[in-house]
Amino acid sequence: MRTVYATSGLWEHVRLRFIANQDVLKAALVAAGIVVASAANATAIPVSTTAGHGLLINFNFTGQSTPPPYAAIGFSLNMTGLDAGETVFIDRYTGLNATSFSTTSTVIGPLGGFFVLNSTQGGLLDGIFSVVVRAAAGSAVDLTSSTAFGCSANPCSSTNHVATINGAVVPEPAMLGLFGLGLAGLAASRRRKQG
């Protein structure tokens, strides 16, 4: 027997199903690697020797109360595991999703906590940019948070921040595909049970 819902009833049913399955959804997202880095949730930085192949983080200041352009941009990456001899590369791009390569910075451990980079590069001052973080071979480093600061003066410091945003970690396309296949499988199994 098939159940038919009115439009509002259908959305209420979906909402209740979502609430009931939030833990399952969270577990599926974590298993698929689709997580935004936070202090309680570290994301492994991939090992790569090629610029642009690593953990992609987008920063977009559009819509901030103090809009771009800024006099300087600062961003901080909180990393764990950056011990003596560990190396991380930070590729900067003047566009979102690693478009328009700008430059690479190299960070060599030991480094406790935050790595802060200040930039007056014209392509970053518009407040729309991305970074790709990648580790050198043999390095096991995790990213726990990423934050960018738009500043009213150079150098960027805590006294002249006029806008602050958290970076958005972009999942790899393969992970999104696997996540989509998993959702399709769940939907198919639900239909079989209901039909």
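Table for the structure above
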read-out: Extension reserve of the Leu186-Ala168 stretch, reckoned as 0.36 nm per residue once the Cα distance is removed; value: 3.8 nm
read-out: Distant-in-sequence amide H partners of Ser102 (H built 1.01 Å from N, under 5 Å); value: Arg92, Tyr93, Thr94
read-out: Packing-based order for 81-88, 185-192, using average beta carbon neighbours within 10 Å, highest first; value: 81-88, 185-192
read-out: Packing rank of 95-108, 135-148, where each peptide gets the mean count of other beta carbons within 10 Å, highest leading; value: 135-148, 95-108
read-out: Rg/Rg_globular for the range 43-170, with Rg_globular taken as 2.2 N^0.38 Å and Rg from C-alpha atoms; value: 1.00
read-out: 17 Å reach of a label modelled at Thr99, 7 Å along Cα-to-Cβ, counting backbone N of the range 55-89; value: 56-62
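Bear in mind that the values in this text are calculations on the coordinates, not laboratory data. Note that this is a predicted model, so its numbers are computed, not measured. Backbone-built Cβ (ideal geometry, glycine too); neighbour counts: all protein chains shown.
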